[in-house]
Structure formats: C-alpha cells, structure tokens
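The structure appears right after this line, and notes come after that.
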Amino acid sequence: MSRLVIVSNRVGPLKDTGRAGGLAVALVDALNETGGLWFGWSGGISEEGTFGPLQEGGSRKVSMATIDMTQADYDEFYVGFANKTLWPVLHYRLDLAVFDRRAEEGYRRVNERFAVRLRPLVQSDDIIWVHDYHFLSLAAELRAMDVGNPIGFFLHIPFPAPEILAGLPNAATLVRRMLAYDVIGFQSKRCADNFRRFAIEELDLVLEGEDVLKVEGRRVTARAFPIGIDAAGYSKQAMSPEARRAMARMEKLLNGRQQIIGVDRIDYSKGLPERFRAFERLLEDYPENRGRVSLMQVAPPSRSELDAYVEIRRELEELTGHVNGRFGDLDWVPIRYMTRSFQRRVLAGIYRSSRVALVTPLRDGMNLVAKEYVAAQRAEDPGVVVLSRFAGAAEQMPEALIVNPHSAEGVAASLQHALTMSLEERRQRWQALFDRLCEEDAASWARSFMDTLRQVH
Ligand code: GDG
C-alpha cells in the first residue's frame, strides 16, 4: 500500500502524552498502518525560517520532518491571515476579520515555501493528506512543481455559506486554488454543500453526480467526512485510576449536587459568554436549581496574542463574578471557571462526574468535546448532552438536546429538561449516541478519507 504523507501546521506527538488531542492519535494510527511521513512547522522561529535545516525525528515506521518560520512568517501567515482572517471568516465572523494585503501575501509565501521543502521528500507513489485552514493553497503550489501524487485536504473548521465567504476579498482565488486537491473533506454535509455552492455560484463550475466538481477536465470530490474519536479507547480512559481519583475528588466537592460541564479552548467561536448567560437564565427561570446545580467551565487559553481573545477572557471573568456574586451561597458557587488544562484521563473523569455537558459553540467544525463526553459516561447512569445546532456534531448526534446557542431562554429550558430527564430516557438517548460513536470512530474516519483519495485519483 502507498505511503502516507501528512501535512499539518503542528505535527505529532507520535507517543500519547496524555495532553494531545484525539486527532493526533488518529493520525498516528493511520501513519503507523502504512508507514509514513508527517511534515509541518517545528513551532520554532528563526532567522533562516523556512530556508533553515529540516528537523527530522520519528519512529521506525513514521518519520517526522519540520521546519522553522521567520518572525515575519509567523506574524503574517499564522497570526495574520490564518488566525485574524480565515479563522473569523470561516466561523461566520466577518465583523472580527482583518483584511490585510501583507498577511495575504505572507500566507501565499509560506504555503509556497512549505511546498518547496516538502517536494524532495515526496516519493512517486505516496498519497498526501493536508490538514486545515493553514494550507488551503499547498496543493496548488505542489502541482506547480509537478507533483502528480493524489493530494487530499481536510478542513477541521467550518466552511461558511457562500454569502459569508464572498465577504473575503480574495475568496474566489483561494477557493480556485483549493481545487488543486483531488479530495476536499469537510466535517459536515452542510459545509461540503456550502463549498460546492460557492464553486457553482461564484466560479461557474459544474457538478457531476452528488459531490464531484468538474474542473478543467479534472474531477474534484468535495464531501463530508465527519471526524470521529477513539470511542472505545476514551471509554477506557474514563475508568483509569487517574479518572477515578478525579471523580472521587469531585464527588466530595459536589456532595450530591449536579454538575454541568463545559470544556473549550477560550475562543469567540465557542459561545462562552452566551453559555454563562444561559446558565444564569436557568437559575432565574428555574429557581429550584439554586444551590443544587453548578456549571464547571474548563477553558484553557489559546492564541492569547490576539486582541479578540484577550477581550473574551475579560468578559468571562466579569460574567463569572456577576453570576457568582448574584446567586452564590455559603456552601455553593454557581460557576467554577478555570483557565487551565487537565490531563486527558482527568478530563474523562470530570466528564463522567457531570450530569450534563453544555456544548454551545456559535460555530464549530465538529466539536470533539460532545463526543468525548458521551464516550466517558456510565452505561447504567449516563448524562445528557445539550448541543448547539451550529456544531458539526449536531448532524451526527440528533439524540442530544439540540439548542440555539443565541437563545438564553431556549438553552435554559433544555438544561432544565436535561437535569430532570428520567433515567430511562437518558439511557435510550445515550445508547444511540454511543453506538454511532463506536461505528463512526477516528479510525473509520481516516480510513474512509484515504480510501476515497486512493480511488478517485
Ligand atoms: C478544531 C475544530 C474540530 C480541551 N481542554 C483540554 C483538552 N481539550 C481537548 C478536548 C478536545 C479538544 O481539546 C478540543 O476539540 P474541539 O473539537 O472541541 O475544538 P477545537 O480545538 O476548536 O478543534 C473543531 C476539531 O478541530 C477536530 O477536527 O472538532 O470543530 O474547531 O479533544 O478534549 N484536552 C486536555 N486537557 C484540557 O484541559 N488534555
């Protein structure tokens, strides 16, 4: 079988460190199966940048190769176009997007430089799988260097409606460059449909069958490949000694009260202020929960170099103070808000001790937290997921309580439903969710993407 080459902004780790996300684990499994190479940014900044030495490592079956960036690359490509332009636009936040020529040029330059450095590492029968919004143009650059291998792309974040994307000044160019990929994968049917609509409406392309675009005599498949988690593995982690210890500590603290859990990187796409307000609304509209239910929000900081992220942190601190000041009691704190991270096993224990998961992003490609929460539950007494309709996960998880995250009243009502749901209903909903999670897991996601890539090329 052909060797797999994965390209993503950050690479690895190849060994499970307990902190890495489930995605890295799925990719390592895929790489181990065929043998392969993982290529990306070292995380380092140097004067030579992408012209510097290749940093190599890895295991017997999987090699890793990374390069540095210059400070200008980092500012323009990573902080600039990727995170100040693409991230907000793709999450429907044109109001937060910065349009800057220099950043756009930096993005093009870094994509080109990564292609130049990857080119000599590619063998003729490799298949190449590129990940996420940092590298929308990588295939176009590789094709310009005569790389004829199958190249696939998976977008982890949403692809917005054409009406939104059209607000990005170079949208048509960018999407045209994406069409150098053979397979373009999205988290949800809706995102795949948005992409095809953009190609048809803005680029005058024609569809063949359901999800194949005809592009100058080539065929490009644009389809949903919803990402999964290692459900069986995650269930085991929720029973590990670390998880049990975390649960014992939480049980002592909760003392018979119920807990709602939220876990998200601090990001405006995650709807955290709206979530805190919805929890406040629960305490207002259903006063029986006062003193009985608390919200625990784990919120590791991310991209703190961006103003929008500093602002949201300030807002969350203010809201926590407001709700706790208004409703707190001698022996009960309504919101426990922590800007730190936990080990994956500890997190699994926290999920297992929580009656409800509150997953209410304003937009999310998929949202793995919703899936991890389900995998961590006890079959005999499972909790309930309250899930935003704007998370990709909603397409695969109709048995969750689906909410509009903008409606505090609606989310509060669903929380109340979740908190008072009968054991029988909780079991029924959970079983359906868990069965699907096991079937559509991380391994099957990677397999189905790679099979498609091998077939279509
Ligand atoms: C992007 C897309 C898509 C969080 N806190 C801790 C911790 N986490 C882990 C979670 C989960 C991951 O981080 C977050 O994944 P999400 O899917 O929720 O969101 P993004 O980071 O925005 O990811 C998203 C995803 O890519 C995959 O394609 O689903 O839509 O935005 O795994 O558990 N992990 C540990 N400690 C923490 O404190 N160990």
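Quick look at the numbers
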{"item": "Scope region 362-390; condition closer than 15 Å to GLY410 by Cβ and either not hydroxyl-bearing (Ser, Thr, Tyr) or not assigned by TED's automatic domain parsing to the domain that holds TRP430 (or both); matching residues", "result": "LEU362, VAL386, LEU387, ARG389, PHE390"}
{"item": "The lone exception for THR320 - which of (1) assigned to a helix (DSSP H, G or I); (2) of a type in the set (S, T, N, Q); (3) within 13 Å of the ligand (Cβ to nearest atom) it fails", "result": "(3)"}
{"item": "Residue, farthest from the ligand (Cβ to nearest atom), within region 336-350, restricted to residues that are within 11 Å of VAL298 (Cα to Cα) and in contact with a Phe, Trp or Tyr (Cβ under 9 Å, 6 or more places away or on another chain)", "result": "TYR337"}
{"item": "Hey, SER240 touching a residue at least 40 places away in the same chain (Cβ under 8 Å) and within 16 Å of the ligand (Cβ to nearest atom) or not", "result": "yes"}
{"item": "Checking VAL333 against (1) under 28 Å from the mean Cα position of the chain (by Cα); (2) of a type in the set (Val, Ile, Thr); (3) away from the ligand (no atom under 16 Å from the Cβ), the condition it does not meet", "result": "(1)"}
{"item": "Residues of region 422-442 that turn out to be among the aliphatic types (A, V, I, L, M) and surrounded by fewer than 12 Cβ atoms within 10 Å (Cβ to Cβ), as a count", "result": "1"}
{"item": "Members of region 7-26 found to be within 14 Å of the ligand (Cβ to nearest atom) and either assigned to a loop (DSSP other than H, G, I, E, B) or at pLDDT 85 or above (or both), listed by number", "result": "SER8, ASN9, ARG10, PRO13, ASP16, THR17, GLY18, ARG19, ALA20, GLY21"}
{"item": "Exclusive hit being surrounded by 15 or more Cβ atoms within 10 Å (Cβ to Cβ), within 22 Å of HIS91 (Cα to Cα) and either in contact with a strand residue (DSSP E or B) (Cβ under 7 Å, 6 or more places away or on another chain) or without any contact (Cβ under 8 Å) to a residue 12 or more places away in the chain (or both), set LEU316, LEU295", "result": "LEU316"}
{"item": "Qualifying positions in region 116-148 - surrounded by 21 or more Cβ atoms within 10 Å (Cβ to Cβ) and of a type in the set (S, T, N, Q)", "result": "SER137"}
{"item": "Selection count where residues are touching a residue at least 40 places away in the same chain (Cβ under 8 Å) and near the ligand (Cβ under 10 Å from one of its atoms), scope region 351-375", "result": "12"}
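The values are calculated or read from the model by the stated rules, or taken from the named source; none is laboratory data. Since the structure is predicted, the reported quantities are computational estimates derived from the model, not experimental observations. Every residue, glycine as well, gets a Cβ built from its backbone with ideal geometry; the counts of neighbours run over all protein chains shown.
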